1. Does the range 48-251 come out rounded, prolate or oblate by the C-alpha gyration tensor, with a ≥ b ≥ c the root eigenvalues, rounded set by a/c under 1.5 and, if not, prolate when a/b is larger than b/c and oblate if not?
2. If the only charges are +1 at each Lys and Arg Cβ and -1 at each Asp and Glu Cβ, what is the size of the charge dipole of the range 48-251 around the Cα centre, to the nearest 20 debye?
3. Which FRET efficiency value, to the nearest 0.05, is calculated for Glu165 and Asn202 with the Förster distance at 25 angstrom and r the Cβ-Cβ distance?
4. Collect residues whose amide H, placed 1.01 Å from N in the peptide plane, falls under 5 Å from the amide H of Gly265; neighbours closer than 5 in sequence don't count.
5. Once label points are set 7 Å from the Cα along Cα→Cβ at both Phe186 and His248, what is their separation, rounded to one decimal in nm?
6. Determine the alpha carbon to alpha carbon distance for each of Lys48/Lys75; Lys75/Lys168; Lys75/Lys301; Lys48/Lys168; Lys168/Lys261 and list only those over 32 Å.
7. Kindly write out, for the range 183-199 in residue order, the coupling ³J(HN,Hα) from the Karplus curve 6.51 cos²θ - 1.76 cosθ + 1.60 (θ = phi - 60°), rounded to whole Hz, with x marking Gly and Pro.
8. Taking 0.36 nm per intervening residue step and subtracting the Cα-Cα distance, what contour gain separates Gln134 from Leu17 on full extension?
Amino acid sequence: MGEVLSQSEIDNLLAALSNGELDVDQMQESGDRQVKDYDFKRPTKFSKEHLRTLEIIYEHYGRLLSTNLPVYLRKNIQVSVASSETVIFSEFTNALSNPVILGIVDFNPLPGNIIIELSPNLGFAMIDRMLGGQGVPLEKSRDFSEIEMTILQKLIVVCMQLMREPWKNVIDVNPMMERIETNAQFAQVIAPSDMIAIVSLNVKIGDVEGFMNICLPFFTLEDVMDKLNTKYWFSTMQKDDKVDYEEHIESLIKRIDVPVKAVLGKSLVSVNDFLNLQVGDIIRLDARVDSEMEVFVGNIKKFTALPGSNRDQYAVRVASVIREEE
């Protein structure tokens with residue numbers, strides 16, 4: 001309901017209009033409401049809050065890529081979130097180059113698929129690095145061979161599996177690679193008019209830089225949209241922080257392999273004597289036959305032991321443990 005004016009206010013308003021102090025056209029313009037057009041072809045299904053939460057998820061994902069991919073490529077890799085936006089699927093596919101690398105991923109237990117799109121220059125750089133090169137892309141893009149596609153598929157599967165941990169605060173996902181396409185026409189897994197969220201990651205492999213785009217359809221994320229907000233995200237993170245990881249870390253450390261070596265003794269020989277060594281020659285060591293040997297774990301002297309054998313193999317029996325204070 002509009003504001004009700006008193007009689008005195010009405011008289012003052014009429015007087016101001018008759019004196020020219022107020023303009024009727026100006027009053028009409030000030031009363032106009034600004035109307036925002038709504039495009040029914042592109043309904044707003046992802047809010048800014050949803051996009052911000054997706055950016056947080058894939059910032060974590062980018063850190064995992066930066067840590068894990070160098071194991072395979074043996075090169076420094078930097079990954080950061082460049083942007084996030086919502087478009088319809090047809091706009092996404094129309095903007096793709098040819099050839100393109102599209103990983104079609106079944107995002108279990110959520111319905112539908114997501115798409116991992118990798119720039120061709122990054123793909124060729126990864127292939128070159130995996131085959132022993134310097135990680136340099138091709139000067140002119142071409143189609144991928146079957147061998148190159150096999151190598152790429154293994155790398156994209158690694159990238160896909162790394163998505164599990166960043167999504168844990170929202171839902172436990174078990175992504176499965178369905179196939180890889182190099183032509184956008186064969187990747188029509190989503191209706192052209194469906195809304196999707198695209199998170200763009202800037203990936204730098206040595207001197208080669210390109211984008212990895214994660215295409216997330218609204219249909220796939222619809223069941224967990226309520227959880228895609230920062231309030232829910234940080235509340236679950238606080239719960240996870242209370243978990244004691246000491247036992248888990250201890251179990252991981254116990255499984256690490258470390259070199260153990262037993263030293264019979266040491267000796268100094270000249271280079272000339274070393275070059276003239278023959279089968280049957282005797283090298284005199286600085287230890288007695290009945291003395292205890294030193295056993296090193298890594299480069300740290302940890303035990304003393306006596307030599308022996310076990311099932312026709314050389315062995316040592318630990319005689320004492322050397323403590324840190326010793």
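Just so it is clear, none of the values below were taken in a lab; they were calculated from the coordinates. Computed from a predicted model, the values in this text were never measured in an experiment. Please note: Cβ atoms are built from the backbone with ideal geometry, for glycine as well, and neighbour counts cover all protein chains shown.
1. Details: a/c = 1.94, a/b = 1.23, b/c = 1.57.
Judged from the Cα gyration tensor, the range 48-251 comes out oblate (a/c at least 1.5, b/c at or above a/b).
2. Details: 17 positive and 28 negative charges, 76 e Å.
Result for the range 48-251 is approximately 360 debye, rounded to the nearest 20.
3. Working: r = 21 Å, r/R0 = 0.82.
Efficiency for this residue pair is about 0.75.
4. Hits under the 5 Å cutoff: none.
5. 4.0
6. On the way: Lys48/Lys75 35 Å; Lys75/Lys168 28 Å; Lys75/Lys301 34 Å; Lys48/Lys168 21 Å; Lys168/Lys261 43 Å.
Cα-Cα > 32 Å for Lys48/Lys75; Lys75/Lys301; Lys168/Lys261; rest within.
7. Per-residue couplings from phi come out as 10, 4, 5, 9, 10, 7, 8, 10, 4, x, 8, 6, 7, 9, 9, 10, 9 Hz.
8. Values: separation 117, 0.36 × 117 = 42.12 nm, distance 8.04 nm.
The Gln134-Leu17 span can extend by a further 34.1 nm.
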